[in-house]
Amino acid sequence: MTRALGWLAALALVIGLGAAFGYAPREAVQGNVQRIMYLHVPAVLTAYLAFALVFAGSLGYLFTRRLGWDRLAVAAAEPGVLFTGLTIVSGSIWGKPTWGTWWTWDARLTSTAVLFLVYVGYLLLRGMVDEPDRRARYAAVVGILGAANIPIVHFSVKWWRALHQPSTILGPEPSPIAAPIALTLLVNWIAFTLLFLYFLARRAEIARLEESHAG
Amino acid sequence: MSAYLRRAWIVVWKDVLTERRSKESLNALLFFSVLLLFIFQFALGPERARVETALPGLLWLGFILAGVLGLGRSFLVEQENDCWEGLVLTPGDKSAIYLGKLAGNVLVMAVVEAALLVLFPVFFGLDLTGALPRLVVVLALGTLGLAAVGTLFGAITAQVRARELLFPVLLLPAQVPVLLGAVSATEIVLAGQPLAEAAQWLKLLAAADVVYLVVGLLTFEFVLEGA
């Protein structure tokens, strides 16, 4: 089952890659570099899905005390951090030729970076506790606070930039997205979600084996 | 309700009494904040204008660094003589303990902040008296947010390995909104503008305080539970 999911994800990724380079048109203003979007946007959407699952797993654990929920939380958090990192790195590579800089303290960049740091902290905490039950409790509390904090971080960073200076960066995406671009994006999004689900299933399985081994 | 508040008050009283007799945290914390002023001065150089532009940020950097040290310690006293067991065995709603610890931490932070607010003007030749009443509002909202998360995370990290490192690593990213809001509001207040100018930031701080407090009150019992 998991194996089939893995192959499905691989197939979808190949189709997505093919579409990104073969089917999607060359963007008029930015040229080929715009194709990074087909990695960048699916990665960030997948990361949001992952952190939503961390939140669900954290709540589920505190309510039911079943370690299965904790396995869901950790299995989502690790790929979530990975995909957030991928978003930041791909955005940085995209930003250099289009904005002329690797990094800028733009609202979205900043809040994504904060999100990354919060969940790296979450994983670090998990690494410091050995007993599964205690680890699950502490991690769940941090996971819930982290999720509750996301909207607050979002608004604080947005206003922080808005008050200091208006955004000088223009998002050069064509507003009504052309159909081939939207379709390529959709295919890649599905591919990334499948890949994430594969990671999730694998990581949860490892967590289960770890627990049965320790217990 | 009154029994609940009384339990919270007992925790505050116990911590104040312990601190008065041991003088473990506050003295060192106050000394640390004076030290910070010297470090800031050395880092920025003797130019007055530089210090004045950076003042809101420096103030909050001082509070947050003192908070990282002070709040991180707040549950360590409970590790001695099996006090933790005593807290776990306390009957009734455990969130009262959180509330008491939080109040104690706000108290400690308030003392440190008062000291920094007296010493900053002295060392840097500034006059803050005009802005002080408005500044207190900003400080109260910012400190509550900092202490609410700091108390919760302090209770967690008191029980894990590498706690001195883990505590700031967890606390600082979670405090980005409080830092942004508090620094921006302080900047507005110190520029001599009325509080209404900073209303947006004050609302954000208040909202953050409420969210952190609710999460802290609801989840604390899971943190306290036997180690």
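The values are calculated or read from the model by the stated rules, or taken from the named source; none is laboratory data. This structure is a prediction, so every number in the text was calculated from the model and none was measured. Note: ideal-geometry Cβ built from the backbone for every residue, glycine included; neighbour counts use all protein chains shown. Note: accessible area is taken over every heavy atom of the protein model, side chains too, but ligands, DNA and RNA are not part of it. Shrake-Rupley method; radii C 1.70, N 1.55, O 1.52, S 1.80 Å.
Is it the case that some residue within the range A:195-205 is modelled with pLDDT under 90, buried (at least 20 other Cβ atoms within 10 Å of the Cβ) and within 30 Å of A:Pro25 (Cβ to Cβ)?
no
Output the residue which, of all residues in the range B:119-141 that are free of Cβ contacts under 8 Å to residues at least 24 places away in the same chain and of a type in the set (Val, Ile, Thr), is farthest from B:Phe32 (Cα to Cα).
Ranking the qualifying residues of the range B:119-141, first place goes to B:Thr129.
Do we find that B:Val189 is at the interface with another protein chain (Cβ under 7 Å from one of its Cβ atoms) and buried (at least 17 other Cβ atoms within 10 Å of the Cβ) in this structure?
When the stated conditions are applied, B:Val189 does not pass them.
Could you tell me which residue of the range A:85-131 is farthest from A:Thr46 (Cα to Cα), considering only residues that are more than 14 Å from chain B (Cβ to nearest Cβ) and touching a Gly at 6+ places or on another chain (Cβ under 8 Å)?
A:Thr101
Taking the range B:200-215 as the search range and keeping residues that are more than 8 Å from chain A (Cβ to nearest Cβ) and in contact (Cβ under 8 Å) with a residue 60 or more places away in the chain, which one is surrounded by the fewest Cβ atoms within 10 Å (Cβ to Cβ)?
Among them, the one singled out is B:Ala206.
Given the options B:Val160, B:Val108, B:Val88, B:Val149, name the one that is at pLDDT below 95, under 25 Å from B:Val223 (Cβ atoms) and under 17 Å from the mean Cα position of the chain (by Cα).
Among B:Val160, B:Val108, B:Val88, B:Val149, only B:Val108 is at pLDDT below 95, under 25 Å from B:Val223 (Cβ atoms) and under 17 Å from the mean Cα position of the chain (by Cα).
Answer yes or no as to whether A:Thr98 is surrounded by fewer than 21 Cβ atoms within 10 Å (Cβ to Cβ), among the hydroxyl-bearing types (Ser, Thr, Tyr) and not in a helix (DSSP H, G or I).
No.
Pick from the range B:158-179 the residues that are open to solvent by less than 30 Å² (accessible area, probe 1.4 Å) and assigned to a loop (DSSP other than H, G, I, E, B): which of them is farthest from the other protein chains (Cβ to nearest Cβ)?
B:Ala158
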